[in-house]
Amino acid sequence: MRAAASCPHPAVRRTPSTRPRRKVVCDVANRANRIIAAAVGVTLLAGVAACGGSSGEESSGADGFSASVDGAYGAVEVHARPERVVALSLQVAEILVELGIQPVAIASSQDEINEFYPWLDGVFTGDLDPELTPNYVADPEAIGSYEPDLVVGNTWTVAEDVYAQLDGFVPTFPGLAEANDDWDAVAVALGELTGTDGQGLVDSVAAECAAAQERLPDLVGGTYQYVAAEEGQYRFGNGSWLECFGLVPADNQDNTQSTDAAVSEELLDQLDADVLAVFDRIGARADIEADPRFEELPSATSGAVLWLDAPVANATNSPGPLSHDYFIAELLPELESAAAEQG
């Protein structure tokens with residue numbers, strides 16, 4: 001049931017599957033230029049830090065709360081229970097809300113949520129501010145304007161140079177690894193940093209997946225593949241979210257999100273898993289379904305092809321507890337129908 005958050009993906013320019021909106025620039029070539037532009041942000045954050053108290057006793061918090069987790073660039077330590085958290089991606093914002101922490105600001109916009117993340121509509125009470133991560137790079141000045149006591153992001157929004165600027169003045173969690181983090185590992189880490197029950201949240205989502213599997217007895221243990229339809233090929237995305245339904249990866253399913261992991265159009269018959277999930281990023285569904293080879297795929301003959309629209313693809317792309325609710329509700333009926341046919 002794990003699915004990692006990540007940067008580019010086959011489907012939509014971000015992670016294992018999609019993000020059709022703003023184009024992601026995960027390995028930004030001109031980060032060095034941004035360091036200068038962000039210098040004023042460092043000054044602002046320094047002022048924020050100065051307002052937070054000067055003595056070690058004060059910084060430890062009135063309740064004595066203190067926590068530390070190992071982040072992608074080193075230890076992240078907090079010495080008071082965070083009350084003003086800035087979230088630099090919708091995934092971490094979603095996790096925080098389900099932990100009982102409403103971020104004071106989230107790097108997004110209402111338009112983006114309406115179009116691509118409908119399950120998050122009305123979830124946040126803090127400011128939706130896309131200027132927190134222009135070009136998907138954290139902006140220290142914009143972040144500092146919210147006077148945060150914790151900043152939470154991912155390595156593709158918080159590069160190490162930007163982290164160095166932020167972390168000098170406010171605890172910054174940039175994710176757990178410079179690769180892709182499983183959402184549940186992030187939830188546990190954020191639970192530790194905020195004094196909330198991250199493992200309990202993970203367990204509750206696992207229970208939802210177990211309940212879904214009980215409705216799919218004839219599919220549990222079957223194989224899956226997850227691809228994005230592109231010009232001339234089908235590129236594998238991280239399909240580990242399908243394990244929520246009790247499925248296992250096919251032998252050639254590649255969840256590493258490698259840009260080289262693909263099946264050419266000529267080898268369509270290699271997409272022979274019991275369940276095939278497809279994000280049609282080029283609008284080729286009609287042509288694909290008209291291909292006689294497609295009609296002979298095991299998933300096609302049993303009605304177990306899942307065509308993902310942009311919101312569902314995004315829900316599986318960088319999942320959290322609420323996005324699990326969304327894609328289970330959207331896809332479980334289709335899988336139940338397929339299971340009935342196979343039964």
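Values quoted throughout were computed directly from the atomic coordinates according to the rules given, and no laboratory measurement underlies them. This is a predicted model, so every value here is computed, not measured. Note: ideal-geometry Cβ built from the backbone for every residue, glycine included; neighbour counts use all protein chains shown.
Whose amide H sits under 5 Å from the amide H of F65, counting only residues 5 or more places off or on another chain, with H placed in the peptide plane?
For F65, whose amide H was placed from the backbone, the distant partners under 5 Å are R81.
Using θ = phi - 60° and the Karplus form 6.51 cos²θ - 1.76 cosθ + 1.60, what ³J(HN,Hα) does each residue of the range 187-202 get, whole Hz, x for Gly and Pro?
The phi angles translate into 4, 5, 5, 5, x, 5, 5, 10, x, 10, 9, x, 5, x, 5, 4 Hz.
Only residues of the range 111-132 count here: report those whose backbone N is under 14 Å from the spot 7 Å along Cα→Cβ of Q102, or say none.
Only 122-128 pass the distance filter.
How far is the Cα center of the range 175-219 from the Cα center of the range 276-343, in Å?
22
Once amide H atoms are built 1.01 Å from N in the peptide plane, which residues 5 or more positions from V248, or in another chain, come under 5 Å H to H?
So V248 has HN proximity to G221, G222, T223, Y224.
Using the Karplus equation 6.51 cos²θ - 1.76 cosθ + 1.60 (θ = phi - 60°), what ³J(HN,Hα) coupling, rounded to whole Hz, does each residue of the range 240-251 give in order, writing x for Gly and Pro?
For the range 240-251, the Karplus curve yields 4, 4, 5, 5, 4, 8, x, 8, 10, x, 5, 4 Hz.
Quick check: residue separation of A211 and S109 times 0.36 nm, minus the Cα distance between them. What number comes out in nm?
Gain on extension, A211 to S109, equals 33.4 nm.
What residues qualify as long-range amide H neighbours of L308, i.e. H under 5 Å apart, gap of 5 or more or another chain, H built at 1.01 Å from N?
Hits under the 5 Å cutoff: V278, F279, D280.
Once phi is turned into ³J(HN,Hα) by the Karplus curve 6.51 cos²θ - 1.76 cosθ + 1.60 with θ = phi - 60°, what whole-Hz value does each residue of the range 115-131 show in order, with x for glycine and proline?
Rounded to whole hertz, the list is 7, 10, 9, x, 5, 9, 5, x, 7, 9, 9, x, 6, 8, 9, x, 6.
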